[in-house]
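Report on the structure given below.
The values are calculated or read from the model by the stated rules, or taken from the named source; none is laboratory data. Since this is a predicted model, take the numbers as computed values, not measurements. Cβ coordinates were reconstructed from backbone atoms using ideal geometry, including for glycine residues, and neighbour counts include every protein chain displayed.
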Amino acid sequence: MALLQGKKGIITGALDESSIAWQVALRAHEEGAEILLTNAPVALRMGKIKTLAEQINAPVVAADATKLEDLQNLFETAKKHFGKIDFVLHSIGMSNNVRKKRPYTDLNYDWYMKTLDVSAISFHKMMHVAWKMDIMNEWGSWVALTYIAAQRAFPKYNDMSDAKALLESITRTFGYFWAKHKKVRVNTVSQSPTPTTAGTGIEGFKKMLKYAELLSPLGNATALDCANFVIFLFSDLSRKVTMQNFYHDGGFAFTGISEEILELLPDE
Ligand SMILES: NC(=O)c1ccc[n+]([C@@H]2O[C@H](COP(=O)([O-])OP(=O)(O)OC[C@H]3O[C@@H](n4cnc5c(N)ncnc54)[C@H](O)[C@@H]3O)[C@@H](O)[C@H]2O)c1
């Protein structure tokens, strides 16, 4: 039987084919799920989400994930369309400090607040609106995408590191309440560097991608690999797993040095 047969959910953040969310939407559809797609209004205008929507027969709702009224409308639309839902993917990240190359030691604080709001607090806002609406079925599953810079220093990841640390903390703390009161799971997936619009915006991204490939014993995880893991977390196979961060990175997080990197370094 398909892993998500009969399940319904919301997928944020599919901008174009390179987006991790795009691959999750395709895989969820293949596994029998019904999906509602959402992205920021500007992304609906500039991106290719309509192509994906046609492919998987999904309605599309515009929502800026920092705006409570937009999120209210998003979840109300989902409720009208589906009744209760089973899964939500948070696949949203943006930093103007990264975009405009402000170094971490000289941040623009308005942009910093925006980074935290868009990339982390939006997850709290989504769960807050969904909680009040009581829209999640029991054993439902929330997944947000994160990066190892939440836990280790990656200087060029800039203020997104702090956003991801907050995102992982929101996952644990809200995750407790979802589990206790609604039997719903909340987890994050810490993905390898992946060539997407957001990913390639990080200064030195190509080198980070190469470094991760050389360090990870299994090599980098692709967007499709990530989608497969997210499907497992949406499915009933992971019913008792919650409040966790999963390194989905080919072993990067637990490798000190690889033979490939040793070979690159001079002996003296
Ligand atoms: N690409 C990587 O290397 C990598 C690695 C680990 C984690 N991630 C995370 O994966 C997630 C998805 O990113 P991606 O790499 O697929 O890139 P992407 O650029 O395809 O997706 C980012 C999405 O965020 C959306 N977004 C930005 N501001 C928004 C707002 N205010 N409201 C609603 N949506 C908004 C964009 O429209 C876009 O669709 C992000 O959380 C990112 O940090 C990416």
| message | Looking only at the range 38-61, filter to residues that are under 25 Å from LYS132 (Cβ atoms) and within 10 Å of the ligand (Cβ to nearest atom); which one of those is farthest from the chain's Cα centre (by Cα)? | response | PRO41
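What tally of residues in the range 79-106 results from selecting those that are more than 15 Å from the ligand (Cβ to nearest atom) and of a type in the set (Gly, Ala, Ser)? First the steps, then the outcome.
Here is the first cut: in the range 79-106, the residues more than 15 Å from the ligand (Cβ to nearest atom) are 79-87, 100-106.
With of a type in the set (Gly, Ala, Ser) added as a condition, the list becomes 83.
Going through the range 79-106 one residue at a time, the tally reaches 1.
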| request: Sort out for me the helices (runs of 4 or more DSSP H) sitting completely within the range 137-233 that have 2 or more residues that are more than 8 Å from the ligand (Cβ to nearest atom). | output: 160-177, 205-215
| query | Of the numbered conditions (1) touching a helix residue (DSSP H, G or I) at 6+ places or on another chain (Cβ under 7 Å); (2) over 27 Å from GLY47 (Cβ atoms); (3) aromatic (Phe, Trp, Tyr), PHE254 satisfies every one except a single condition; which is it? | reply | (1)
| request: Go through the range 126-136 and give me each residue that's over 19 Å from ALA21 (Cα atoms), surrounded by 15 or more Cβ atoms within 10 Å (Cβ to Cβ) and within 16 Å of the ligand (Cβ to nearest atom). | output: VAL129, ALA130
| Among the residues of the range 129-150, which ones are touching a residue at least 40 places away in the same chain (Cβ under 8 Å) and more than 24 Å from PHE232 (Cα to Cα)? | VAL129, MET133
| request: Would you mention how many residues in the range 62-78 are within 11 Å of the ligand (Cβ to nearest atom) and either buried (at least 21 other Cβ atoms within 10 Å of the Cβ) or among the β-branched types (Val, Ile, Thr) (or both)? | output: 5
| note | ALA198 vs (1) touching a helix residue (DSSP H, G or I) at 6+ places or on another chain (Cβ under 6 Å); (2) farther than 26 Å from GLU259 by Cβ: all pass except (1)
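Within the group LYS7, LYS50, which residue is at pLDDT 95 or above, within 22 Å of MET136 (Cα to Cα) and of a type outside the set (Asp, Glu)?
Working: LYS50 fails: within 22 Å of MET136 (Cα to Cα).
Residue meeting the stated conditions: LYS7.
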